[in-house]
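Below is one structure, written out as structure tokens; the observations come after it.
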Ligand code: C2E
Ligand code: MG
Ligand code: MG
Ligand code: MG
């Protein structure tokens, strides 16, 4: 009996999964049609300077006017588009459209407001992304400095070669890169009752050579201190690193300089 029930549950689950998959396929097909029928459009949301509320640019946000007159928000269809790789085609359209609308609204001067366009991780993995971006700039006449591309922090995780090459090529083109939803990685500091944070040793290793890494360590130390959490630097191997960490205000450290992992608990380094 238990067995029969178990099997029943598996079947229900299976049916539901299949229906879900079918629905997503249908959405993908409808979305593909929408793209070719010109039913996608962009909404533009102003980004302002807080002090005087002047508009410095706009984020372009994708909208789908579906035939029923219901307007879908990206959350409803971007995921489907990403799964089906349709996002690459849609993304190219978005880039072209955003550049054209910005150029036609604000002209082609270098110092006009920028247009900020979201890039999906899939787009960043396409070897021809720099060409797609360059084409949008060429066709619209928008100066590269007026285009900002919003990336998610995770796009370089696992460091795919193509994504890195694309970032370099985009920089070369003169467009500005933006980290979207920055700080979501810090949310564990809010959600977990932690006593300490351990600063990854890659930052410690780069301290001497990279001002950027020193700035990140300084920011972590000050964030931890403001939250009443201890900061512990990992992988400290020489006196120079120890001195730098101390100068940056980091209160605790661990590493070969103070002691390698050993068989006995001892307060002797
Ligand atoms: P949204 O317009 O519903 O877009 C949601 C997310 O879909 C975006 O988050 C972005 O990740 C993705 N998205 C939109 N357009 C594109 C696109 O062309 N390509 C790709 N690959 N992804 C796209 P994001 O970028 O963080 O955008 C900010 C979101 O916050 C937008 O939602 C916007 O409408 C919404 N928003 C803006 N101001 C407010 C506010 O004051 N309150 C609330 N609750 N939401 C706001
Ligand atoms: Mg965004
Ligand atoms: Mg965002
Ligand atoms: Mg560790």
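Throughout, read-outs are computed from the coordinates displayed, never taken from laboratory work. Computed from a predicted model, the values in this text were never measured in an experiment. Quick reminder, even Gly has a Cβ in these numbers, built from the backbone with ideal geometry, and neighbours come from all protein chains shown.
Computed values, structure above
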quantity	calculated
Cα-based convex hull volume of region 151-204 per residue, rounded to whole Å³	108 Å³
Helical contribution to [θ] at 222 nm, DSSP H n ≥ 4, -39,500 (n - 2.57), averaged over the chain, rounded to 500	-16000 deg cm²/dmol
Exposure proxy order (Cβ contacts within 10 Å, fewest to most) of 116, 93	93, 116
DSSP beta bridge pairing in the chain, given as percent antiparallel to the nearest 5	35 percent
Euclidean distance of C-alpha centroids, region 32-61 and region 244-269, integer Å	50 Å
Histogram of C-alpha separations across region 18-137, 5 Å bin width, %	2, 10, 19, 21, 19, 14, 9, 5, 2, 1, 0
The chain, relative contact order [Cα under 8 Å, separation at least 6], %	11 percent
Kirkwood-type radius of region 124-189, with distances r between different C-alpha atoms, in Å	12.8 Å
Region 16-86 - convex hull of alpha carbons, volume per residue in Å³	121 Å³
Tilt relative to the chain, helix 161-173 - C-alpha long axis, 0 to 90 degrees, to 10	80 degrees
Sorted by Cβ neighbour density within 10 Å, fewest at the top, the residues 140, 102	140, 102
Alpha-carbon radius of gyration plus Dmax, which is the widest Cα pair, for the chain in Å	24.8, 75
Order of 151, 246 under a 10 Å beta carbon neighbour criterion, fewest first	246, 151
Diffusion constant of region 89-242 at 20 °C, which comes from Stokes-Einstein with the Kirkwood Cα-pair radius and 1.002 mPa s, µm²/s	119 µm²/s
Alpha-carbon Rg with Dmax, taken over region 178-245, Å	12.8, 37
Degrees, to the nearest 10: 2-37 long Cα axis against longest axis of the chain	60 degrees
